[in-house]
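K.L.:
First, the structure itself, so that you have it in front of you.
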Amino acid sequence: MAIVYQKSKGLTDVEFHYCPGCTHGIVHKLVAETLEELNILDNAVGVAPVGCSVFAYNYFNCDMQGAAHGRAPAVATGIKRVLPEHVVFTYQGDGDLAAIGTAEIVHAAMRGEKFTTIFINNAIYGMTGGQMAPTTLVGQRATTAPLGREREHYGSPIRMSEMLATIDGAAYIERVTVTTPANIIKAKRAIKKAFQLQIEGKGFTMIEVLSTCPTNWGLTPVEALEWVKEKMGPFFPLGVFRDITAEEAK
Amino acid sequence: MAYNDILIAGFGGQGVMSMGTTMAEAALSEGLNVSWLPSYGPEMRGGTANCSVVIADSEIISPIVVQPSELIAMNLPSLDKFEPTVKPGGYIFVNNSIIKRKLVRTDVKAIYVPTLDIADELGNMRVANMVMLGSYIEATGVLKFDTVVNMLRNIFTGKKAHLVEINQQALQRGAACAKI
Amino acid sequence: MAKELWKGNEAIAEAAIRAGCRCYFGYPITPQSEIPEYMSLHMPKVGGIFLQSESEVAAINMVYGASGAGARVMTSSSSPGVSLKQEGISYICSAELPAVIVNVMRGGPGLGTIQPAQGDYFQATRGGGHGDYRVIVFAPANIQEVVDLMQDSFELADKYRMPVMMIMDGMIGQMMEPVEWKKPAVKLEDLPAKPWATTGTKGMRAPNVINSLFIDPNASNDHNMRLHAKYQHIIANEQRYETAETEDAELIFVAFGTPARLARAAARLLEEEGIKAGVFRPITIWPYPYDALYEAAAQDSVKAVVTVEMNTGQMIDDVRIAVRGCKPVSFVGQAGGRVPTPQEVAAAARLALGR
Ligand SMILES: Cc1ncc(C[n+]2csc(CCOP(=O)(O)OP(=O)(O)O)c2C)c(N)n1
Ligand code: SF4
């Protein structure tokens, strides 16, 4: 029988613990396929965050380290400086990357650390039960913003891709989503490009993925996909925010 | 001296936690001492959940139930896991709408309660818990039916007042399961 | 007043509001996230401030600023987050600012587990940050006690101008128990004046400075000695403990928080075998009730002392200091999220008694 599809070698056989309709799983698959296709599984080192993807070290079929909450970019810096020929990546949520770990990601980008960050922006803290994230939309309810996020009190959500794109050390920054097959293909392309540029030693690379959290948004999986498009999309536009290869080409 | 170590276990979403808090509230309003302790953590996401309720007319020593005097098993994994821990002479309430096996233990009292079938007959699947609670009260005599009914009257008011009736029926149907 | 059923974490938050706390800064972490969640809903209702910070490091420094500005302020977290607060706690102690810090402990080290544990005893009682400092630490064993101690915590923090910590395992945060609100809610106008706070000179006084830098070694030494004298005063005046059936006991369990309840359960099992076991429970773990424990242990009837902890043995150091070698001291416990059973505790007691 002809095999038309099989699980990437980049993933172990451990079953994901993600909720139904959560897009963490899709992004894992894209990263795993990229590692496999670029043939770097045996020299890749990943860093898992603290967040719903805390068990990522069980899922990626390569060496992994688990970091303290928010510190993955510092841990990845340590790894990459010791193993400059290896491919290093972090996988982080928006609480991890854009709240407690903001300093670490900004300074890793500034130093032009040659690793790739996969940034899952689901506008909420999934793991701890739906508290407000720095990326929570104005008006969006969270367990620590029971009446919805107020701009007066908390300001507007932070756009990490746009912010990090202003840093010289960043080589490639793109925001994607995985809500449709076409978007998934684009996301895969972006992730692959980021890893390729890392291998070429261009600098810091990050792919932000607008992701779902049906559980804490209180939506069905289908509604959640719609919510990404309708609510998150306008505030977090998709696109490439920094690409030094394009600038070099000019 | 009454001292009841109760363990309620099932799937997340089966209302296991709220059955426990209902019992705790009822015990409190009867002037008894009580504690309610949930299992917590990521395993609750779609997995099994349980809570320990201790009801006593004396001081509650430990809120942790290691050896329940009564186990309420709402699903098979919970029965498999906790059946061996029940005190000899204790009770096991089995939600036999979905648990298809009988007890292995012979030194405990078994009460089989088809909670979902009865709730279905009553026309509201949400009262399955109340069916189980009815059985529990009937079998153990730990709480009074009146207390629970009064609580229901306080919870369901206005437009929801009609729900008191069906919950009351659920308690009675559950109690009937414990009489046999 | 009638008793009400409260979840531990929510009772902590409500008790703080009733104790006049109008300022809360924190970051979510299991198993205490219900504290900030409750605060987010109820602080605004009393005109208070709730702010979710970007990290525990930020939260404790917000506490520093708000306390220096004269507010009755609190933060809470669980073990990994409390580790991040240690730098700030050291600064708050040096700057002599009042604050209440709640640690609903989970298992460590590292990310550990979210299940209940007591692995932060050393961190709390020995000072997890740098320098010579102490914080008053309460270790309540049930929700009623948490509630009862909350007002005292804020009052002692103001009185001594230092942080008061409340530590409890995650179980107390997650469980529900009846609570009676014994004390009336504090009226804000009754709170003590804070003439040292940076509230603006209004042209009426010299500027106030809140600071922890004493660059001159003499000034630094003086500052440390003054803090030391304050801590000595607290040691002499603020020890709290509870005993249950320790008089003429053959064996004494020593436990803080939930394990004290397990020890009581174990004592009942032993009673059935004719062994009289009592429980000594420190309520303040700093200052530690050394003398009271010594007296209990030194009774002729006592043959052994057993500490019960949800860690690998931390408070046992203080128990040894207290007992001064007069009786054998042994340990029973589980770490990293497992809770010892009364049966295990009773077995350890039999072993200690050689039975
Ligand atoms: C120092 C510290 N503070 C807080 C936590 C609790 N915590 C675990 S994950 C998390 C945030 C998770 O949100 P996010 O990073 O957005 O990831 P998601 O779960 O949504 O994928 C928090 C606050 C922790 N583990 N360590
Ligand atoms: S809680 Fe949200 S982010 Fe976490 S696994 Fe579930 S859906 Fe995904």
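K.L.:
Please work out which residue is farthest from the other protein chains (Cβ to nearest Cβ), limiting yourself to region A:5-28 and to residues that are within 19 Å of the chain's Cα centre (by Cα) and hydrophobic (A, V, I, L, M, F, W, C).
P.N.:
Selected residue: A:LEU11.
K.L.:
Please go through region C:13-61 and give me each residue that is crowded, with 24+ Cβ neighbours inside 10 Å, hydroxyl-bearing (Ser, Thr, Tyr) and out of contact with any strand residue (DSSP E or B) (no Cβ under 7 Å at 6 or more places or on another chain), ordered by number.
P.N.:
C:TYR38, the sole residue that qualifies.
K.L.:
Looking only at region A:188-228, count every residue that is over 28 Å from A:GLU37 (Cβ atoms) and of a type in the set (D, E, K, R) and tell me the total.
P.N.:
2
K.L.:
Can you find, within region C:234-289, the residue that is nearest to C:ALA139 (Cα to Cα) among those that are away from chain B (no Cβ under 12 Å), in a helix (DSSP H, G or I) and touching a residue at least 60 places away in the same chain (Cβ under 8 Å)?
P.N.:
Applying the filter and picking the extreme gives C:ILE234.
K.L.:
Only one of (1) more than 16 Å from ligand 1 (Cβ to nearest atom); (2) charged (D, E, K, R); (3) under 24 Å from A:LEU11 (Cα atoms) fails for A:GLU150. Which number is that?
P.N.:
(3)
K.L.:
Please specify each residue of region A:127-178 satisfying the condition of being within 14 Å of chain C (Cβ to nearest Cβ), within 15 Å of ligand 2 (Cβ to nearest atom) and in contact with a helix residue (DSSP H, G or I) (Cβ under 6 Å, 6 or more places away or on another chain).
P.N.:
A:MET127, A:GLY130, A:ALA133, A:THR135, A:THR143
K.L.:
Another question, if that's okay. How many of the residues in region A:93-122 are crowded, with 24+ Cβ neighbours inside 10 Å and either hydroxyl-bearing (Ser, Thr, Tyr) or within 11 Å of ligand 1 (Cβ to nearest atom) (or both)?
P.N.:
Counting residues in region A:93-122 that are crowded, with 24+ Cβ neighbours inside 10 Å and either hydroxyl-bearing (Ser, Thr, Tyr) or within 11 Å of ligand 1 (Cβ to nearest atom) (or both) gives 15.
K.L.:
Right, something else. Applying the selection to region A:41-54, what residues are buried (at least 20 other Cβ atoms within 10 Å of the Cβ), more than 14 Å from every other protein chain (Cβ to nearest Cβ) and out of contact with any Ser or Thr (no Cβ under 8 Å at 6 or more places or on another chain)?
P.N.:
A:ALA44, A:VAL45
K.L.:
Check C:ARG106, C:ARG22 and return the single one that is modelled with pLDDT of 95 or more and within 16 Å of ligand 1 (Cβ to nearest atom).
P.N.:
Exactly one residue qualifies, and that residue is C:ARG106.
K.L.:
Return yes when C:ALA59 is free of Cβ contacts under 8 Å to residues at least 60 places away in the same chain, over 18 Å from the mean Cα position of the chain (by Cα) and more than 11 Å from chain A (Cβ to nearest Cβ) and no when it is not.
P.N.:
So C:ALA59 does not fit the description; no.
One line per residue, one yes/no per condition, for (1) within 14 Å of another protein chain (Cβ to nearest Cβ); (2) at pLDDT 95 or above:
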position: B:ASP5; (1), (2): yes, yes
position: B:MET17; (1), (2): yes, no
position: B:LEU32; (1), (2): yes, yes
position: B:SER35; (1), (2): yes, yes
position: B:TYR40; (1), (2): yes, no
position: B:GLY47; (1), (2): yes, no
position: B:GLY89; (1), (2): no, yes
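K.L.:
Within region C:23-36, track down each residue that is within 16 Å of ligand 2 (Cβ to nearest atom) and under 20 Å from C:MET150 (Cα atoms).
P.N.:
Answer for region C:23-36, where residues must be within 16 Å of ligand 2 (Cβ to nearest atom) and under 20 Å from C:MET150 (Cα atoms): just C:SER33.
K.L.:
For B:THR115, indicate whether it is among the hydroxyl-bearing types (Ser, Thr, Tyr), surrounded by fewer than 18 Cβ atoms within 10 Å (Cβ to Cβ) and more than 30 Å from C:PRO259 (Cβ to Cβ).
P.N.:
no
K.L.:
Say we look at region A:150-171 and pick out the residues that are under 19 Å from the mean Cα position of the chain (by Cα) and charged (D, E, K, R); which of these is farthest from A:PHE236 (Cα to Cα)?
P.N.:
Result: A:GLU162.
K.L.:
Filter region A:196-238 down to residues that are among the small types (Gly, Ala, Ser), within 16 Å of ligand 2 (Cβ to nearest atom) and within 20 Å of A:LYS186 (Cα to Cα) and give me whichever is surrounded by the fewest Cβ atoms within 10 Å (Cβ to Cβ).
P.N.:
Result: A:ALA224.
K.L.:
Among (1) modelled with pLDDT of 95 or more; (2) in contact with a Leu (Cβ under 9 Å, 6 or more places away or on another chain); (3) over 20 Å from A:ASP94 (Cβ atoms); (4) not hydrophobic (A, V, I, L, M, F, W, C), there is one condition A:GLY169 misses while meeting the rest; what is its number?
P.N.:
Status for A:GLY169: all satisfied but (2).
K.L.:
Let me ask something else about it. In this structure, does A:ALA108 turn out to be within 15 Å of ligand 2 (Cβ to nearest atom) and either in contact (Cβ under 8 Å) with a residue 24 or more places away in the chain or part of a helix (DSSP H, G or I) (or both)?
P.N.:
no
K.L.:
From the set of residues in region A:17-50 that are at negative phi and among the polar types (S, T, N, Q), which is farthest from ligand 2 (Cβ to nearest atom)?
P.N.:
Restricting to residues being at negative phi and among the polar types (S, T, N, Q), the top hit is A:ASN43.
K.L.:
While we're here: I need a count of the residues in region A:81-92 that are near ligand 1 (Cβ under 7 Å from one of its atoms) and in a helix (DSSP H, G or I).
P.N.:
Result for region A:81-92: 0.
K.L.:
Follow-up question, since we're still on this one. Can you name the number of the only condition in (1) over 17 Å from the mean Cα position of the chain (by Cα); (2) surrounded by fewer than 21 Cβ atoms within 10 Å (Cβ to Cβ); (3) modelled with pLDDT under 95 that B:SER62 fails?
P.N.:
(2)
K.L.:
Out of A:GLY70, A:GLY78, A:GLY139, which single residue is within 16 Å of ligand 1 (Cβ to nearest atom) and either in contact with a Lys or Arg (Cβ under 8 Å, 6 or more places away or on another chain) or closer than 26 Å to C:LEU84 by Cα (or both)?
P.N.:
So the residue among A:GLY70, A:GLY78, A:GLY139 that is within 16 Å of ligand 1 (Cβ to nearest atom) and either in contact with a Lys or Arg (Cβ under 8 Å, 6 or more places away or on another chain) or closer than 26 Å to C:LEU84 by Cα (or both) is A:GLY70.
Residues checked against (1) of a type in the set (D, E, K, R); (2) in contact with a Ser or Thr (Cβ under 8 Å, 6 or more places away or on another chain); (3) in the same structural domain as C:GLY88 (by TED's automatic domain parsing); (4) farther than 21 Å from A:CYS52 by Cβ:
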site: C:ARG18; (1), (2), (3), (4): yes, no, yes, yes
site: C:PHE25; (1), (2), (3), (4): no, yes, yes, yes
site: C:ILE49; (1), (2), (3), (4): no, no, yes, yes
site: C:ILE60; (1), (2), (3), (4): no, yes, yes, yes
site: C:ALA66; (1), (2), (3), (4): no, no, yes, yes
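K.L.:
Now a separate question. For A:THR205, are the conditions met, namely being in contact with a helix residue (DSSP H, G or I) (Cβ under 9 Å, 6 or more places away or on another chain), in contact (Cβ under 8 Å) with a residue 24 or more places away in the chain, more than 16 Å from ligand 1 (Cβ to nearest atom) and assigned to a loop (DSSP other than H, G, I, E, B)?
P.N.:
no
K.L.:
Sticking with this one: Please go through region A:1-43 and give me each residue that is part of a helix (DSSP H, G or I) and of a type in the set (A, V, I, L, M), ordered by number.
P.N.:
A:ILE26, A:VAL27, A:LEU30, A:VAL31, A:ALA32, A:LEU35, A:LEU41
The values are calculated or read from the model by the stated rules, or taken from the named source; none is laboratory data. None of the values given here were measured: they were computed from a predicted structure. No Cβ is skipped: glycine too gets one built from the backbone with ideal geometry, and neighbour counts run over all protein chains shown.
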